[in-house]
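Novice: Input: one structure, supplied below.
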Amino acid sequence: MCQKAVYPGSFDPLTYGHLDIIKRAKEIFSELTIAVAKNPTKPTLFSFRERIQMVKEVTKDMEGITVEGFNGLIVDYCRQKKIKVIIRGLRMISDFEHEFQMALTNRKLSKENIEIVFLMTHESYSYISSKLIKEIASFGGKLSEFVPPFVERKIKEKLKNADINKTDSSRRNYASG
Ligand code: ADP
């Protein structure tokens with residue numbers, strides 16, 4: 001019988017979709033580790049430290065949740081932590097192919113018996129992705145329905161700083177040009 005599970009991801013940023021999976025996983029497992037990937041294959045808007053901080057802040061009042069960063073293969077992390085269940089979220093059928101491929105690869109890579117458990121999100125979150133959130137944010141769209149307030153604040157801060165840096169460098173270019 002498994003008590004522990006890990007939910008790995010980039011969480012760039014954490015959305016209500018991720019949170020829905022976290023809550024569902026907590027109904028099944030008494031201890032859930034949310035493992036934030038240090039170097040996901042895709043470029044990130046938020047640093048490793050910022051992504052960990054966001055997940056920690058949003059889940060701080062939930063019992064039985066640990067948030068940690070990890071680097072490398074999730075199966076190696078599971079072995080170190082003696083965790084045998086990996087949680088992944090499914091939104092649409094389009095997630096399935098990639099997730100299935102990853103699940104089979106992870107199973108092959110792990111020497112222990114690791115099970116990958118897929119949880120289906122609530123239909124109202126099924127279209128939310130971190131990528132979409134970043135796109136909406138970059139066009140100044142409303143984020144409150146997609147991400148928790150803390151995350152919304154962090155996205156706004158990040159984009160404001162990016163704007164300031166852009167303006168600064170264009171000023172510098174102008175001055176030097
Ligand atoms: P990764 O780079 O590992 O895919 P993500 O943070 O994008 O990291 O996603 C982590 C997990 O959460 C994946 O299993 C993904 O399918 C799932 N997920 C992302 N968004 C949602 C959502 N809106 N509903 C349910 N699951 C989601």
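Novice: Using a simple charge model, +1 on the beta-carbon of Lys and Arg, -1 on the beta-carbon of Asp and Glu, nothing else, what dipole does segment 2-127 show about its Cα centre, in debye to the nearest 20? Write out the running numbers ahead of the final one.
Specialist: Working: 19 positive and 16 negative charges, 93 e Å.
For segment 2-127, the charge dipole is close to 440 debye.
Novice: For Thr33, list long-range residues whose amide hydrogen, built 1.01 Å from N in the peptide plane, is under 5 Å from its own amide hydrogen.
Specialist: Ala5, Val6, Tyr7, Thr66
Novice: Helix 149-176 versus the longest principal axis of the chain: what angle, 0 to 90°, nearest 10, using Cα atoms?
Specialist: Compared with the principal axis, the helix lies near 40 degrees.
Novice: Here's something else I'd like to know. Quick one: Debye curve from the C-alpha atoms of the chain, no solvent, what's log10 I(q)/I(0) at q = 0.17, 0.18, 0.20 Å⁻¹?
Specialist: -1.09, -1.21, -1.46
Novice: From the backbone phi of segment 90-97, what are the Karplus-calculated ³J(HN,Hα) couplings (6.51 cos²θ - 1.76 cosθ + 1.60, θ = phi - 60°) in whole Hz, Gly and Pro given as x?
Specialist: Result, rounded to whole Hz: 10, 9, 10, 4, 5, 6, 4, 4.
Novice: Within straight cross-link reach of Lys81, meaning Cα distance under 17 Å, which aspartates and glutamates are found once same-chain residues fewer than 8 apart are removed?
Specialist: Here the aspartates and glutamates satisfying the reach criterion relative to Lys81 are Glu31, Glu68, Glu112, Glu115.
Novice: Let me ask something else about it. Which residue fluctuates most in the GNM of the chain (Cα springs below 10 Å): Ala25, Ala137, Ala37?
Specialist: For the chain, modelled as a Gaussian network with Cα springs under 10 Å, the answer is Ala137.
Novice: Which of the peptides 91-103, 147-159, 8-20 is most tightly packed, and how do the rest follow, judged by the mean count of other Cβ atoms within 10 Å per residue?
Specialist: The most tightly packed comes first, giving 8-20, 147-159, 91-103.
Novice: Hey, can you find the accessible area per residue of the chain for me, probe 1.4 Å, expressed in square angstrom?
Specialist: Per-residue value: 62 Å².
Novice: Any chance you could give the angle, 0 to 90 degrees and rounded to 10, that helix 16-28 forms with the longest Cα principal axis of the chain?
Specialist: Computed tilt is about 20 degrees.
Novice: Would you mind checking the tilt of helix 48-59 against the longest principal axis of the Cα atoms of the chain, expressed as 0 to 90 degrees and rounded to 10?
Specialist: Value to nearest ten degrees: 70.
Novice: I've got another one for you. Just grab the label-to-label distance for Ser124 and Lys42, each label 7 Å out from Cα along the Cβ direction, in nm (one decimal).
Specialist: 2.4 nm
Novice: Quick check: at a probe of 1.4 Å, how many percent of the accessible area of the chain sits on carbon and sulfur atoms? Before the final figure, lay out each step's value.
Specialist: Details: 5860 of 10990 Å².
Taking all protein chains in place, the chain shows 53 percent carbon and sulfur surface.
Novice: Between Glu27 and Lys156, what is 0.36 nm times their sequence separation minus the Cα-Cα distance? Round to one decimal in nm.
Specialist: 43.2 nm
Novice: Computed FRET efficiency, Cβ-Cβ of Leu90 and Lys142, R0 22 Å: what is it to the nearest 0.05?
Specialist: Plugging the Cβ-Cβ distance into 1/(1 + (r/R0)^6) gives 0.25.
Novice: Which whole-number percent is the relative contact order of segment 2-127 (Cα, under 8 Å, 6+ apart)?
Specialist: About 31 percent, as a whole number.
Novice: Could you give each residue of segment 74-89 its phi-based ³J(HN,Hα) in whole Hz, using Karplus coefficients 6.51, -1.76, 1.60 with θ = phi - 60°, and x for Gly or Pro?
Specialist: Result, rounded to whole Hz: 5, 5, 5, 4, 4, 5, 4, 8, 6, 10, 10, 10, 10, 9, 9, x.
The values are calculated or read from the model by the stated rules, or taken from the named source; none is laboratory data. Note that the structure is a prediction, hence the values are computed from the model and not measured. When we count neighbours, we look across all protein chains shown, and the Cβ atoms used for this are built from the backbone with ideal geometry, even at glycine. Heads up: the accessible areas ignore ligands, DNA and RNA and are worked out on the full protein's heavy atoms, side chains in. Shrake-Rupley method; radii C 1.70, N 1.55, O 1.52, S 1.80 Å.
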